Amino acid sequence: MSDQLPPPPHAPNHPQAGLPTYPGPAQDPGHGYGPQTPQRMPGVVRAAQIITWVLAALTVLGSALAVAVVNPETGGAALGVNLCLLVTAGMAFRFGSVGNGIRVTCIVLMSVQTALGLGGAANGNPVGLLPLLGAIAVVVLLSQGAAGAWFKRPRAHG
């Protein structure tokens with residue numbers, strides 16, 4: 001006979017006592033815990049993109065109309081005062097593939113656009129209210145957490 005006693009019923013059945021195992025998704029590398037990176041562009045980023053494009057199109061059309069109806073200087077001034085908006089609209093085409101730097105740049109440019117719009121509104125220019133309100137909307141949308149998560153998500157470089 002052997003002098004070994006059977007293990008007590010509460011003893012673990014694995015050699016590393018004290019280290020619990022967790023079956024299920026925790027051991028599956030495809031199921032991580034913590035914040036998940038978005039796979040599709042969030043609605044706030046898409047809305048900022050669309051607002052920027054619409055405002056840029058209206059600016060270009062309004063400037064062309066001002067050149068045809070009023071004079072070329074007025075059309076040029078309309079483009080010049082909305083230059084930050086036009087640059088942001090160009091960058092908005094890359095919102096799906098670039099990092100957080102472009103989000104910060106767009107927020108800064110649209111903040112400058114807001115300041116220019118406030119200056120125009122102070123001078124009694126009612127046409128400048130639409131770009132002003134649009135710039136404020138884009139700054140608010142791109143400043144949200146979902147937008148930050150989208151632009152900070154990991155990407156495959158290739």
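Which of rounded, prolate, oblate describes region 96-158, given a ≥ b ≥ c as roots of the alpha-carbon gyration tensor eigenvalues and a/c under 1.5 marking rounded, otherwise prolate only if a/b is larger than b/c?
On the way: a/c = 3.89, a/b = 3.11, b/c = 1.25.
It is prolate, given that a/c is not under 1.5 and a/b is the larger ratio.
Rounded to the nearest whole angstrom, the semi-axes of the ellipsoid equivalent to region 39-93, taken from the Cα gyration tensor as √(5λ), stand at 28, 9, 6, largest first.
Taking every Cα-Cα distance in region 63-121 and sorting them into 5 Å bins from zero, the calculated P(r) comes out as 4, 19, 20, 19, 16, 11, 7, 3, 0 percent.
Using 0.36 nm times the number of residues separating residue 121 and residue 91, minus their current alpha carbon distance, what extension gain do you get?
Working: separation 30, 0.36 × 30 = 10.80 nm, distance 2.60 nm.
Extending this stretch completely gives an extra 8.2 nm.
Given the Cα atoms of region 40-158, and with Rh set as the inverse mean 1/r over their pairs in the Kirkwood sense, what is Rg to Rh to two decimals? Expressed as Rg/Rh, it is 1.03.
Any read-out appearing in this document is the output of simple, stated calculations on the displayed coordinates, not a laboratory observation. None of the values given here were measured: they were computed from a predicted structure.
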